[in-house]
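Each remark here refers to the structure printed beneath this line.
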Amino acid sequence: MKEINIERMDLNVLWREIKAVEEQPFPFPVVFSPRLIDFQALQDFYLKPGKFIGARCYDAFRMLMIKSDGSAMPAHSRCYKIEAGNLYQQSLKDIWRSEAIRRFRKTLTAAGGLLPACARCCSAFST
């Protein structure tokens, strides 16, 4: 992310481009994620990274990421690197019910469904 300089982005141009794409009669659906309803929402998304976009992340309750080394973590591991077990050493059922995942789910729920790293996660947008 350090290569991206948000301050140099022209959000007016981006908004016009989004609107132009949305107006095209493509033979397939075009979806932006998140669906930003107005220019203010676009500004909030890019210029207020601490503002939560979305409602709740359910991925920690419905998926695991298993890496090639067998290590497992809740959801998709982009947000928090939580070692929940290793598929080469434990069953998938045991990993799914592990204490590490239970604690993460409890923390996520206590926070209202989103943690700071969830602020821009597409999993929270689609719920």
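Observations
- Filter pass, residue 82 being more than 30 Å from residue 31 (Cβ to Cβ) and among the hydrophobic types (A, V, I, L, M, F, W, C): no
- Looking across region 79-122 at every residue that is among the hydroxyl-bearing types (Ser, Thr, Tyr) and touching a Gly at 6+ places or on another chain (Cβ under 8 Å), the one that is nearest to residue 66 (Cα to Cα) is identified as 88.
- Restricting region 1-46 to residues that are more than 21 Å from residue 121 (Cβ to Cβ) and modelled with pLDDT under 90, the residue that is nearest to the chain's Cα centre (by Cα): 5
- Candidate set: region 116-126, residues that are among the small types (Gly, Ala, Ser) and part of a helix (DSSP H, G or I); chosen: the one surrounded by the most Cβ atoms within 10 Å (Cβ to Cβ): 124
- Among the residues listed as 123, 33, 68, 91, the single one being closer than 21 Å to residue 6 by Cβ, of a type in the set (Ser, Thr, Tyr) and either touching a residue at least 40 places away in the same chain (Cβ under 8 Å) or out of contact with any Lys or Arg (no Cβ under 9 Å at 6 or more places or on another chain) (or both): 33
Every residue, every condition in (1) open to solvent by less than 50 Å² (accessible area, probe 1.4 Å); (2) acidic (Asp, Glu); (3) within 30 Å of residue 83 (Cα to Cα), yes or no:
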| position | (1), (2), (3) |
| --- | --- |
| 9 | no, no, no |
| 19 | no, no, no |
| 26 | no, no, no |
| 34 | yes, no, yes |
| 66 | no, no, yes |
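- Qualifying positions in region 36-62 - touching a helix residue (DSSP H, G or I) at 6+ places or on another chain (Cβ under 9 Å), surrounded by 13 or more Cβ atoms within 10 Å (Cβ to Cβ) and of a type in the set (D, E, K, R): 56, 59
- Pairing each residue of region 37-60 that is closer than 19 Å to residue 18 by Cα with any residue that is open to solvent by 60 Å² or more (accessible area, probe 1.4 Å), provided the two are 6+ apart or on different chains, yields C-beta distances under 9 Å for 39/12; 41/35; 44/51; 45/51; 45/120; 46/9; 47/7; 53/120.
- For region 65-115, the set of residues classified as in a loop (DSSP other than H, G, I, E, B), under 17 Å from the mean Cα position of the chain (by Cα) and either among the hydrophobic types (A, V, I, L, M, F, W, C) or more than 28 Å from residue 52 (Cβ to Cβ) (or both) consists of 75, 79, 82, 111, 114, 115, listed by residue number.
The values are calculated or read from the model by the stated rules, or taken from the named source; none is laboratory data. Note that the structure is predicted; figures quoted are calculated from it, not measured. For neighbour counting, all protein chains shown are included, and Cβ atoms are generated from backbone atoms with ideal geometry for every residue, glycine included. All accessible areas refer to the heavy atoms of the entire protein, side chains included, with ligands and DNA or RNA removed. Shrake-Rupley method; radii C 1.70, N 1.55, O 1.52, S 1.80 Å.
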